[in-house]
Amino acid sequence: MVHVYNCHPFSSQQIVQVEQEPGLVCCGGGALFVVASGGCKVEAYNLEQEGCPLICRFATMGTVKSIRHSSIGDYLVTIEEKNSATYLRAYTNWRHKAEEKARVGVRLLGHLLRGESLRGGVQMEIIEIPMSERPVAVASCSVTGDLLVACDNSLVLFNLKTQNQHCTDPSQQIAQNSVPSDQQTSSQGSESVAALDFDRSVILHLSAIKPKKVALCAGYIALQSELEVLVLQLEASCEPAPAEETLHQLTCDDVEEQNDFFVLPRHLELLGDQAKNCDIPVSIEQTGLEDKQQYTVSYVLFKRFTPEFFQGCNVEETQIHSLQLHPFFIRNQALPVEEPACVFCFFSLPNAGYLYSLKGGVELLSAYQYPEKVLEAMLTNHLLHVVTRSALQSFTVRCAALAARLDDPYIDTTMKACPPCSLDVCALRMQLFIGLRAVCGYGRHVVLLSRADSDPQEEPERAPHRRGLMLKEHSTLASISRPWELTPQPRQLWKASCHVPFCKTVPP
């Protein structure tokens, strides 16, 4: 059951004025990253300043198909295509492009720039990460900054590491040439530069599921296919693991005898220790050169959906999207700061969303029923934001209530109280937009990508009248009506059809 309240959760809304047609967007580190529709240029805007001024822009080495930002390390990771080949690249020190430093270094994973390549101090670096398989999806851990790459049959985990390097500034080098040789030792000037790099530590081989999207947070790994979600926990220890745990394989039924039949899987939900019965074998291969720890994997959650073919549903209406692993930190928690008090797993169908808590026992925390088809959803500490083709809607979440009860099981007293975690969720006010495509966020900022259909599927004589009604209805939204003016010039059509509006939520 969902209660509906006419509550407006946003304090302000603006539109980011981008110079080129946006294709992809992502947020992180107080910045909004917009990939142009051509896919070869990234623009960064400051979300924390009024008007969202441009921080910098830089070109990529290929057409960007996917982009993610990591707050730990402040780096970008992209999946790019060029000449029918797929590449995985990480962009570090990208903020130095705002200081008009044109130097950009390109290197391979594990090969740091040295010598003349480091002259001039810190510079933007592009790290080529070679992969034996084609990368499909990427994710970064918001707690450690580690990188997870999904391929067709495997998951590759990279540990983020920082190394200090000493480089000499060219101006200081010129000054040193005029100093006598017996005094150069004391007058040498060099600065320490922190260089980011990755160590390929673990490969998880999969044989019964093809991941479409992955998530990584505090040792938990989540992956989704079209109809299945699997959550694993990767634990590291200094003690050598038994052979059966180091290479964890599950036997599955031989399907060669079922080639003449169409096997329709049924709905299935397995929580905790029961998730190991999902018949999805996972094997561990440790590849880290510097990492001497032993890794073991355990099954946490498995859920499978089945299209209701007999009720007219198809696979497209049952596809899973918006997979997230969300950490929740509380003040004055007894655990270390780098370890979250709770970790939540969220994923969504076009008509329903599911929120699970993973720490302290796996359980379904909330189930959301959407009033219409949802394209994408985003979970935050206090709200769940979902987008449809024409609206942004927010729902309440019970993450804070669960975290408070885990921190203090006896919180309900005469002096203070906490709502139960099983309390029904509430739907807040719906905000109308035109042609929403995607949603992302950072802190209290909710960023949307909207693109109105340039060729509406309507009759020619009714199309202009219908478009006028849509603009008239949308003009009631403050600070959004003007940028939606139509223009007859084909080359400027994106200015009327593509925008990046964002809203700022009310503080809790």
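Of note:
- Subset of region 372-389 [within 14 Å of His445 (Cβ to Cβ) and β-branched (Val, Ile, Thr)]: Thr380
- Region 178-234 - residue that is hydroxyl-bearing (Ser, Thr, Tyr) and within 16 Å of Ile284 (Cβ to Cβ) and, of those, modelled with the highest pLDDT: Tyr220
- Residues (crowded, with 18+ Cβ neighbours inside 10 Å and polar (S, T, N, Q)) located in region 391-421: Gln393, Ser394, Thr396
- Scanning region 41-57 for residues that are open to solvent by less than 60 Å² (accessible area, probe 1.4 Å) and either over 23 Å from Met124 (Cα atoms) or out of contact with any strand residue (DSSP E or B) (no Cβ under 6 Å at 6 or more places or on another chain) (or both) gives a single hit, Gly51.
- Note on region 53-73: residues that are closer than 18 Å to Gly441 by Cβ, among the hydrophobic types (A, V, I, L, M, F, W, C) and in contact (Cβ under 8 Å) with a residue 60 or more places away in the chain total 1.
- Checking Val35 against (1) modelled with pLDDT of 90 or more; (2) over 17 Å from Cys440 (Cβ atoms); (3) touching a Gly at 6+ places or on another chain (Cβ under 9 Å); (4) crowded, with 16+ Cβ neighbours inside 10 Å, the condition it does not meet: (2)
- Residue match in region 352-365 (condition: touching an Asp or Glu at 6+ places or on another chain (Cβ under 9 Å), open to solvent by 10 Å² or more (accessible area, probe 1.4 Å) and not in a loop (DSSP other than H, G, I, E, B)): yes
- Taken together, the criteria place Leu268 among residues that are surrounded by 14 or more Cβ atoms within 10 Å (Cβ to Cβ), of a type outside the set (D, E, K, R) and at pLDDT 75 or above.
- Residues of region 100-131 that turn out to be at pLDDT 90 or above and under 27 Å from Gln286 (Cβ atoms), as a count: 5
- Those strands (runs of 3 or more DSSP E) lying entirely in region 17-113 with at least 3 residues under 28 Å from Leu323 (Cβ atoms): 22-28, 31-36, 41-46, 63-70, 75-82, 85-92
The values are calculated or read from the model by the stated rules, or taken from the named source; none is laboratory data. Bear in mind that the values here come from a model prediction, so they are computed numbers and not experimental data. Glycine also receives a Cβ, built like all others from the backbone with ideal geometry; neighbour counts cover every protein chain displayed. All accessible areas refer to the heavy atoms of the entire protein, side chains included, with ligands and DNA or RNA removed. Shrake-Rupley method; radii C 1.70, N 1.55, O 1.52, S 1.80 Å.
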